[in-house]
Every structure is written in structure tokens, then in C-alpha cells.
Amino acid sequence: MKLHSVKEILMKKYEELDITDPFIFAKVMSDKKLCKPLLESILNIKIRDIEYVDYEETIQMTIKSKGIRLDIYVEDDNNTVFNLEMQTTAYKELPKRSRYYQGVIDLNMIEKGEPYDILKESYVIFICTFDFFGKNKCIYEFENLCIDDCEIKLNDGTHKIFLNTKGDKKGINKELKSLLEYFDGKEPESDLTKQIDEKVIAVRKNTRWRREYMSLQMEMNLKYREGLKAGEAKGRSEGQDNVNKLNKILLAEKRYDDLEKTIQDKEYQEKLMREYNILD
């Protein structure tokens, strides 16, 4: 892979980042004055308040083996939890990623031996800049239903929502329409999208966050290059292509620990390739 292609993936200038970059999205949505109305618009409900769940010692430890990090994880005043993620890469494993995130959230809520009824209502919400399901809908919401009778719900309290910024926006609330258009690259029009855009600019001007982002990029760049070398060491162009495909997916999913592990552990690398259906 040419150097300029690597730069396109890893060295995007901080000043050019927009709300669809996961790093920027997470920093912007760490402001509850922006995150709460976003959730209200998506779910078409009113939320009195939200609190950010401190998962540095809980979820972060639970998912350490996968090397991923939830973008935004909050809880409202009704004890409902929400995981918000920005998605710009339409890889086919996205539904399974939502399943994994749901499991991570559940594991964080319950300790061994505790009753299952303490599990809270939970939403995993992916904001996608593409139409994963190809039906031109803006909102795809999933719950567990009986196959033989769709009126029978399992009522396990889990919800998965995939938003599509490019779908038909008829029938959705005005604020959500403005949000999806803004996430799709259009100029902000509503008060909320203008506030979000102002926050994006403020995040880009924040020196500490700029350093944090650049440090992360340098680490990712190093791991990516090591991955490329590992691919070249296979001695076959097909093997190198497969390694490069895997590296791109792991970077998109922020599975940095896994990316590092694949450099040292070829069996684990092959396992992940099969997990993502890279190998035939």
C-alpha cells in the first residue's frame, strides 16, 4: 500500500475533522446539553436528565480482550442506558458488533450470582453515514420478536437502532431530519445542529485534545505500519491484502489491542480474519 493511502486512513489533519470522526463525536457528545437532545430526537421522547457512566474501571476492563471502547455510554433518570456510536465504515459485521456491545453493557450491569431482573433497558444506537440494509429508511430499529407471531415481543429490554443519514426523511421529526442532514455533511440549520457544529470547532481548537488525538494517530500509524510489514513477510500478495483488510477493520472498530496482538500472534490474526470472513 502506498504511503499516501496510509495517510488517508491515519493522518487526517485534526483541523479537518468533522462530527463523523469518532474522536470528535465522542468529545462533542460528552456535553450533556448536546447529547440529551440528540437522544430525545432519535427516540422521539423526553428525557429529564442523563448521566455519563464511568466505565473506565468497569466496561473498559470487561472489553479489554477485544481492545475496543464505547464512544458514548450514558444513563437517563429512568435507569435506561444508551450507547451511541458514529459509524462511517459499512463493513458486513456491523450487526454482530451491535450484539457484542449489547452483551458488554449487560455484563457491566450484573455481577455473578445477581438476579437478571436488575438488567436495565438498553439501547445500542449506531449513527451510520450509509444505508447498511439498503431499504432507504432513516431509522432501522430492532427488538427480539417471535418469528411465528411478530406481535409477540420477548420484552428483554434490549433495543438496537441503526440510523441512516442518507435515507428517506419523510415521517421523522424535524430535529432528527436536521441532525441526519448535518451528519451527512450539510450545513447546520437547526439550533441544535448549530450548537453541535460550534462544539466541533471548539474541540478542534482544544490543545489538550489535539495532542491526545495526535498521540493516538501516531500509535495507530505505528501499528498499521507494523501490520503492513507483517503482511509483506507472508511473501504472497494475497496474504498481504488480507492483513491490510484486517488492519483497516480493526482500526475502524478501534480494536487497537487486537491490532497489536495480531502482529505477534499469527494464529490470532488468522482467527480474526475468519471472524470477519476475510479468508475464504
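The values are calculated or read from the model by the stated rules, or taken from the named source; none is laboratory data. A quick note: this is a predicted structure, and the numbers were derived from the prediction, not measured. Don't worry about glycine lacking a Cβ; one is built from the backbone with ideal geometry, like all the others, and counts go over all protein chains shown.
Quick notes on this one:
- Enumeration of residues in the range 179-221 that are aromatic (Phe, Trp, Tyr) and surrounded by fewer than 18 Cβ atoms within 10 Å (Cβ to Cβ): Trp209
- Applying the set (1) within 21 Å of Lys135 (Cα to Cα); (2) in contact with a Lys or Arg (Cβ under 9 Å, 6 or more places away or on another chain); (3) touching a residue at least 60 places away in the same chain (Cβ under 8 Å) to Leu180 leaves exactly one unmet item: (3).
- Per the listing Lys254, Lys229, Lys271, the residue uniquely over 26 Å from Cys128 (Cβ atoms) and at pLDDT below 75 is Lys229.
- Taken over the range 97-132, the criterion of being under 22 Å from Arg255 (Cβ atoms) and small (Gly, Ala, Ser) is satisfied by Ser98, Gly103, Ser122.
- Selection within the range 185-215: residues that are acidic (Asp, Glu) and part of a loop (DSSP other than H, G, I, E, B). The member of this set that is farthest from Cys35 (Cα to Cα) is Glu187.
- Leading residue by the ranking (nearest to Glu198 (Cα to Cα)) among those in the range 27-39 that are touching a Leu at 6+ places or on another chain (Cβ under 9 Å) and assigned to a helix (DSSP H, G or I): Val28
- Filtered residues of the range 69-86 (kept if in contact (Cβ under 8 Å) with a residue 60 or more places away in the chain and touching a Phe, Trp or Tyr at 6+ places or on another chain (Cβ under 6 Å)): Glu85, Met86
- So Leu145, is it closer than 24 Å to Val74 by Cβ and not β-branched (Val, Ile, Thr): no
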